[in-house]
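**Q** Quick one: structure below, then a few questions.
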Amino acid sequence: MYTVLITGGTGLVGTQLTTLLLQKGYKVIILTRQISAAPSRHPQLEYALWNVEKQQIDTNAIAKADCIVHLAGAGVADKRWTKQRKQDIVNSRTQSSALLVQALQTTQHHVKAVISASAIGWYGADTNESKQHGFTEDALADTAFLGNTCAQWEASIAPVTQLGIRLVWLRTGIVLSPEGGALKEFLKPIKMGVAAILGNGNQVISWIGIHDLCNMFLFAIENTALHGAYNAVAPGPVNNRLLTLELAKKIRGHFFIRMSVPAWILNFILGEMSIEVLKSANVSCDKIKNAGFQFVTPSIQTYLTKTF
């Protein structure tokens, strides 16, 4: 039985991906800092210990794996970006990658592929070219914090290719899920009757529904022709205003008030993170589509219809 080892398997994406893999007949091992005393909820699911800070990992889990899905990393939007928080965001990604690389270098294993999360934070603000055609995977990493973080993140797992292991990075857009994440934050004011448009509302949001994202990870696991970076975004990016109003109509019908949140208020509340909230980034998914991937929710209207 094909075994997938997942880091970050208890997070929003990891939980959904685990469910999908089990449904497809895979065996799943989740690396975690603490194993519950309760038995696994599925006969083909098990847990193994690791501790990134101490650079400790259960090498038996590595030895069992056919593929590794690397999702681990501190939430970028979970806390205000203090100097320490920014360092935690970087370290949680690069140090976890380093631990995997070291384990693969020193443990006898049969791992064939590593599918690693990355993010469209790799790209900077829209250019005239990207506004027309979208950022493609060959664009250079932005020099701001998120671009630099993504560059370090991808570079930290890259040494697995020297071991003959196929490596795929999925540069993930804003993940929409009714279980949490960005969509939960968009919905908070809407549930109170306010459609809060951020800044001028014109900034492009390159998003992806969580089911499409998990299917893309599965696609990357199963398709040995995939190598390198792919943008994990839906074909239909939307601006902040359209996304907010479509959500409001779906949840509240006509019973909501439109309200603009000025950039200076966002800067006061979020600090440096407000730059990313207000940044427009039109990202292309042509590469993954040309590889044969088919989206279930390619447009925001389709996503909302299937979700609510």
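**Q** I'm checking my understanding of the structure. Among residues of the range 91-116 that are β-branched (Val, Ile, Thr) and within 26 Å of Leu226 (Cβ to Cβ), which one is surrounded by the fewest Cβ atoms within 10 Å (Cβ to Cβ)?
**A** Thr107
**Q** Same structure, new question: If I ask for residues that are among the basic types (Lys, Arg) and within 22 Å of His211 (Cα to Cα), which ones from the range 161-187 would you list?
**A** Those that are among the basic types (Lys, Arg) and within 22 Å of His211 (Cα to Cα): Arg171, Lys184.
**Q** Hey, another quick one. So, in the range 281-292, of the ones that are in contact with a helix residue (DSSP H, G or I) (Cβ under 9 Å, 6 or more places away or on another chain) and crowded, with 19+ Cβ neighbours inside 10 Å, which residue ends up farthest from Lys83 (Cα to Cα)?
**A** Filtering first and then ranking leaves Ile288.
**Q** Enumerate the helices (runs of 4 or more DSSP H) found wholly within the range 80-178, keeping only those where 2 or more residues are at pLDDT below 95, charged (D, E, K, R) and under 30 Å from Ile269 (Cβ atoms).
**A** No helices (runs of 4 or more DSSP H) qualify here.
For every residue, the table says whether it meets (1) in a loop (DSSP other than H, G, I, E, B); (2) over 17 Å from the mean Cα position of the chain (by Cα); (3) of a type in the set (Ser, Thr, Tyr).
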| position | (1), (2), (3) |
| --- | --- |
| Ile6 | no, no, no |
| Gly25 | yes, yes, no |
| Ile35 | yes, yes, no |
| Glu46 | no, yes, no |
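**Q** Still on this model: Are any of the residues in the range 230-237 farther than 16 Å from Thr305 by Cβ and over 19 Å from the mean Cα position of the chain (by Cα)?
**A** no
**Q** Sticking with this structure for a sec: How many residues does the range 179-188 contain that are buried (at least 18 other Cβ atoms within 10 Å of the Cβ) and either in contact with a Pro (Cβ under 8 Å, 6 or more places away or on another chain) or assigned to a helix (DSSP H, G or I) (or both)?
**A** Total meeting the criteria: 2.
**Q** Within the range 1-35, track down each residue that is of a type in the set (S, T, N, Q) and within 23 Å of Ala103 (Cβ to Cβ).
**A** Passing the criteria: Thr3, Thr7, Thr10, Thr18, Thr32, Gln34.
**Q** Check the range 257-273 and report whether any residue there is under 21 Å from Thr172 (Cβ atoms) and surrounded by 18 or more Cβ atoms within 10 Å (Cβ to Cβ).
**A** Yes, the range 257-273 has at least one match.
**Q** Still on this model: Just checking, which of Ala248, Ala263 is modelled with pLDDT under 95 and of a type outside the set (Phe, Trp, Tyr)? Full working, then the answer.
**A** Numbers: Ala248 fails: modelled with pLDDT under 95.
Going through Ala248, Ala263 in turn, the sole match is Ala263.
**Q** With the requirement that a residue be part of a helix (DSSP H, G or I) and either more than 27 Å from Asp78 (Cβ to Cβ) or under 18 Å from the mean Cα position of the chain (by Cα) (or both), what does the range 254-299 give you?
**A** Narrowing the range 254-299 to residues part of a helix (DSSP H, G or I): 263-278, 286-290.
Scanning the range 254-299 gives Met273, Glu276, Val277, Asp286, Lys287, Ile288, Lys289, Asn290.
**Q** Shifting gears a bit: Across the range 289-302, what is the number of residues that are among the aliphatic types (A, V, I, L, M) and either within 17 Å of Val175 (Cα to Cα) or in contact with a Ser or Thr (Cβ under 6 Å, 6 or more places away or on another chain) (or both)?
**A** 2
**Q** So, one more: Within the set of pairs 6 or more residues apart or between chains, which connect a residue that is within 17 Å of Gly173 (Cα to Cα) inside the range 140-156 to a residue that is among the acidic types (Asp, Glu) with Cβ atoms less than 8 Å apart?
**A** If the second residue must be among the acidic types (Asp, Glu), the pairs left are Phe145/Glu272; Leu146/Glu276; Asn148/Asp142.
The values are calculated or read from the model by the stated rules, or taken from the named source; none is laboratory data. All values reported here derive from a predicted model rather than from experimental measurement. Note: ideal-geometry Cβ built from the backbone for every residue, glycine included; neighbour counts use all protein chains shown.
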